[in-house]
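The values are calculated or read from the model by the stated rules, or taken from the named source; none is laboratory data. On a predicted model such as this, the values are computed, not experimentally measured, just so you know. Glycine gets a Cβ as well: all are built from the backbone with ideal geometry, and neighbour counts include every protein chain shown. Ligands, DNA and RNA are excluded from the accessible area calculation, which covers all protein heavy atoms including side chains. Shrake-Rupley method; radii C 1.70, N 1.55, O 1.52, S 1.80 Å.
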Amino acid sequence: MQANFLEVITFVGFVIEAFGILVVVIGSCVSTTVFVRTYRTLEEGVAYKKYRKDLGRSIILGLEFLIAGDIIRTVVVADSLENVGVLALIILIRSFLSVTLHLEIEGRWPWQKDGPR
């Protein structure tokens, strides 16, 4: 019974990670397609800024799913102190990427309030 539970949880973790990868790939393709279709019709630089923002958002969302899959697989399935340390490092790196991408996209830190635009 316990082996089946661990197999299901491991599978669920991999499915969530695969979904995160799909979000990044599909988001990248959609963002690129929109950019290619609109870069000549919009003002100079507007299409590029929109492309960067859309691409960054898909990467951030994909990273969130990847972190969720890592947490599920590591904490539930492999509960050794070494694996938890590896998980902490992975989450730290991915969270750093998410925060810096947010800064790049929005022009402010995630914890700052929206300013006048």
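Which is the longest stretch in the chain that no exposed loop site breaks, taking sites as GluC sites (Glu not before Pro) with a DSSP loop state and at most 16 other Cβ atoms within 10 Å?
Counting at most 16 other Cβ atoms within 10 Å as exposed, the longest clean stretch of the chain is 45-117.
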Item to check | Distance from region 89-105 to region 7-65 (C-alpha centre basis), Å | outcome: 15 Å
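Any idea what the dipole of the chain comes to, in debye rounded to 20, about its Cα centre with Lys/Arg Cβ at +1 and Asp/Glu Cβ at -1? It would help to have the intermediate numbers written out before the result.
Values: 12 positive and 12 negative charges, 134 e Å.
Value, rounded to 20: 640 debye.
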Next on the checklist: At 1.4 Å probe radius, can you tell me the per residue accessible area of region 28-117 in Å²?
Outcome noted: 71 Å²
Checklist entry - Kirkwood-based Rg over Rh for region 40-99 (C-alpha set), two decimals? => result 1.26
Next on the checklist: Could you identify which residue out of GLY45, GLY27, GLY56 has the top mean-square fluctuation in a GNM of the chain using Cα springs shorter than 10 Å?
Outcome noted: GLY45
Item to check | Extreme residue, positive dipole direction of the chain, given options VAL23, THR33, VAL99 (C-beta unit charges) | outcome: THR33
Checklist outcome for this item: Note on the chain: the mean projected area of its alpha-carbon convex hull, in nm², is 9.0 nm²
Item to check | Relative contact order [Cα under 8 Å, 6+ residues apart], region 1-95, whole percent | outcome: 41 percent
Next on the checklist: Among LEU81, ILE9, PHE65, whose Cα projects farthest towards the positive end of the dipole of the chain, with charges put on the beta-carbon of Lys, Arg (+1) and Asp, Glu (-1)?
Outcome noted: PHE65
Checklist entry - Which percent of the accessible area of region 50-109 is formed by carbon and sulfur heavy atoms (probe 1.4 angstrom)? => result 69 percent
Item to check | region 39-101, dipole about Cα centre (Lys/Arg Cβ +1, Asp/Glu Cβ -1), debye to the nearest 20 | outcome: 360 debye
Checklist entry - So between LYS113 and VAL75, what do we pick up on full extension, going 0.36 nm a residue minus the alpha carbon distance? => result 10.3 nm
Next on the checklist: Nearest 500 deg cm²/dmol is fine: what mean residue ellipticity at 222 nm does the chain get from its DSSP H runs of n ≥ 4 alone, each adding -39,500 (n - 2.57), divided by its residue count?
Outcome noted: -27500 deg cm²/dmol
